Amino acid sequence: MNSVNNYVENFNKLAAKQEGFKGSDIKPWISVNPTVFCDVDRAMEIARKSIKNAPFKINPIGNCFLYTQFVSEGLLNHGIKHTVTVGNVFVNGKPHYPTTEESIKEDLIEGYNPSKTANAHTWITLENGVVLDSTILHSIAKSECRKPIKSIKSIYVSGASGRDRIEYYPYHLGTEYMTIVVAGQNEISFQIIGNWTEKICSVLGSRI
């Protein structure tokens, strides 16, 4: 496995080799370029407002996909390019989740299982490679039996100083994992994620 430290290299290798959404030409993601200007402070502000103004309140623990969608929708409304990213997080050198590249593939083959929790974590990767994660700090606090963090103050941005060393390893890009594995298999869910995917492609200039 490649070093978890080289996020941009790992991300771009994945972006280049991953097949389109359900085998199509639809690719709701972009390669990242660290030299591209991205107003991270503005993105963080939008992310906080997106969570604060979410249509309903839900515990961040175990709901990273929903929180990521809230943030993504907010960023899209302001034309900020980003990629929904699925994978694992390494905290102080140790994997925080049991997610592997193989487990992602197995999940996509098995599909939605209402009796199981999705075995993956998700976050936002901005165009310059900076990560925004709206739930990892909640999850770490819970695992260490610490006091919960207020949602609008808990968005982690890569490179920020903190008590833990947090590193990301991407295994899958876009909304396909959420569509197949996470979302209820019904018309309403498909419509919501379909509209979201179309909006992502529109902002990114991707083919759909």
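The values are calculated or read from the model by the stated rules, or taken from the named source; none is laboratory data. Just so it is clear, the structure is predicted and the values come from calculations on it, not from any experiment. When we count neighbours, we look across all protein chains shown, and the Cβ atoms used for this are built from the backbone with ideal geometry, even at glycine. Ligands, DNA and RNA are stripped out before the accessible areas are found, and what is left, the full protein with its side chains, is counted by its heavy atoms. Shrake-Rupley method; radii C 1.70, N 1.55, O 1.52, S 1.80 Å.
Looking across the range 128-169, the residues that are farther than 19 Å from V71 by Cβ and of a type in the set (S, T, N, Q) come down to S143, S161.
Only residues that are of a type outside the set (A, V, I, L, M), touching a residue at least 24 places away in the same chain (Cβ under 8 Å) and either surrounded by fewer than 18 Cβ atoms within 10 Å (Cβ to Cβ) or more than 23 Å from W196 (Cα to Cα) (or both) were counted in the range 3-37, giving 10.
For the range 163-188, name all the residues that are more than 17 Å from V84 (Cα to Cα) and either at pLDDT 95 or above or open to solvent by less than 60 Å² (accessible area, probe 1.4 Å) (or both). Once the filter is applied, which keeps residues that are more than 17 Å from V84 (Cα to Cα) and either at pLDDT 95 or above or open to solvent by less than 60 Å² (accessible area, probe 1.4 Å) (or both), the range 163-188 yields D164, I166, G184. Just one of the listed residues (V89, V84) is within 14 Å of the chain's Cα centre (by Cα), farther than 13 Å from Y177 by Cα, modelled with pLDDT of 95 or more and open to solvent by less than 10 Å² (accessible area, probe 1.4 Å), namely V89. The residues of the range 98-117 that are closer than 11 Å to G87 by Cα and aliphatic (A, V, I, L, M) amount to a single one, I104. What's the total number of residues in the range 189-208 that are of a type in the set (S, T, N, Q) and under 20 Å from I80 (Cβ atoms)? Total meeting the criteria: 4.
Scanning the range 180-206 for residues that are of a type in the set (G, A, S) and part of a helix (DSSP H, G or I) yields S189, G194, S202.
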